[in-house]
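> Handing you this structure, nothing more for now.
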Amino acid sequence: MNRGSCPVRIAGSLLMLLAAAGVLRGADAEAGTKARVKERTEAVYPFDLALKGVEGFAELQFAVDPEGQAQEVIVAQATDPAFGFAAKAMVEAWRFEPVSEHGEAVWVRNQSLRVNFESASADVALDASARRLLVELKTDKSAVANAASLDGVPWAQKTAMPVYPRDLLKGRNIAGKATIDFLVDENGKVQLPQIVSATQWEFGWAAATAVLRFTFTPPTKGGAPTAARMRLPVVFPAPAPPKADAGP
């Protein structure tokens, strides 16, 4: 084995992976450019930490591609790993205003974001209804009805497509699935999604972030509005491989 050739082969392979992921394509915006958020969603507050009253934060670093999607998302710091996972899934679900330079959409790098996981934070989905349900779950779990005991199964009025995790696009392109438990409050709003299972943890957090954006018809039991526990499977088809450029 020629040891001297290893760094060259490794470097060459790395360049091919980066090119496939889109990291090396196109120009970059000027240093210091801040991408503007076009569509945002809140972060899922990890259920177990919310139930225990644990607060913290996560700091992210990322780039925004010419299509306005977050790429290369890195958790720079997090007080709990779950906060980092939830924050990363959140920013990957965001959409940004594409940045143009000389009429061409470009990459915007060196973006940073701090996500605060606190009861009063606007960064996370933990409103007054969610906090009330947490108290009820700690004291009397029967206050939340099971789907089978409802007058009828709530149906989704609004749904959201889950975002395929960016890390799994890097040469893998695998199919996956996740199962999410969540509460629907008396107004039909999804609260406190929880990952029950996932073929990859990235699928679990992406699915929980999508389910958080659902709304349902308000659940009732005996004709009275009630909060209810529901479960939803989320499937991630394998992304199609990128199309090869047509030849001359």
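> Please state which one of T209, T220, T159, T226 is of a type in the set (V, I, T), closer than 30 Å to V73 by Cα and surrounded by fewer than 20 Cβ atoms within 10 Å (Cβ to Cβ).
Step by step, each of T209, T220, T159, T226 is checked, and only T159 is of a type in the set (V, I, T), closer than 30 Å to V73 by Cα and surrounded by fewer than 20 Cβ atoms within 10 Å (Cβ to Cβ).
> Picking from N146, N110, N173, which residue would you name as being farther than 18 Å from F83 by Cβ, in the same structural domain as P66 (by TED's automatic domain parsing) and either modelled with pLDDT under 95 or crowded, with 18+ Cβ neighbours inside 10 Å (or both)? Talk me through it step by step, then tell me what you get.
On the way: N146 fails: in the same structural domain as P66 (by TED's automatic domain parsing); N173 fails: in the same structural domain as P66 (by TED's automatic domain parsing).
Within the list N146, N110, N173, the selection yields N110.
> Based on this model, can you work out whether V235 counts as part of a strand (DSSP E or B) and either free of Cβ contacts under 8 Å to residues at least 12 places away in the same chain or over 26 Å from S149 (Cα atoms) (or both)?
yes
> If a residue has to be part of a strand (DSSP E or B) and in contact with a Ser or Thr (Cβ under 7 Å, 6 or more places away or on another chain) to count, how many in the range 26-58 make the cut?
The total comes to 2.
> Filtering the range 79-103 down to residues that are in contact with a Leu (Cβ under 9 Å, 6 or more places away or on another chain) and free of Cβ contacts under 8 Å to residues at least 60 places away in the same chain, which residue is surrounded by the fewest Cβ atoms within 10 Å (Cβ to Cβ)?
Among them, the one singled out is D80.
> Still on this structure, please answer the following. What is the one condition in (1) at pLDDT below 95; (2) assigned to a helix (DSSP H, G or I) that A130 does not satisfy?
(1)
> Quick one: how many residues across the range 135-190 are hydrophobic (A, V, I, L, M, F, W, C) and either in contact with a strand residue (DSSP E or B) (Cβ under 7 Å, 6 or more places away or on another chain) or assigned to a strand (DSSP E or B) (or both)?
Residues in the range 135-190 being hydrophobic (A, V, I, L, M, F, W, C) and either in contact with a strand residue (DSSP E or B) (Cβ under 7 Å, 6 or more places away or on another chain) or assigned to a strand (DSSP E or B) (or both): 13 in total.
> Here is a list of conditions, (1) assigned by TED's automatic domain parsing to the domain that holds L49; (2) within 20 Å of E39 (Cβ to Cβ); (3) touching a residue at least 12 places away in the same chain (Cβ under 8 Å), and T159 meets all of them except one; can you say which number that is?
(1)
The values are calculated or read from the model by the stated rules, or taken from the named source; none is laboratory data. Note that the structure is predicted; figures quoted are calculated from it, not measured. Positions of Cβ are backbone-derived with ideal geometry, glycine not excepted, and every protein chain shown enters the neighbour counts.
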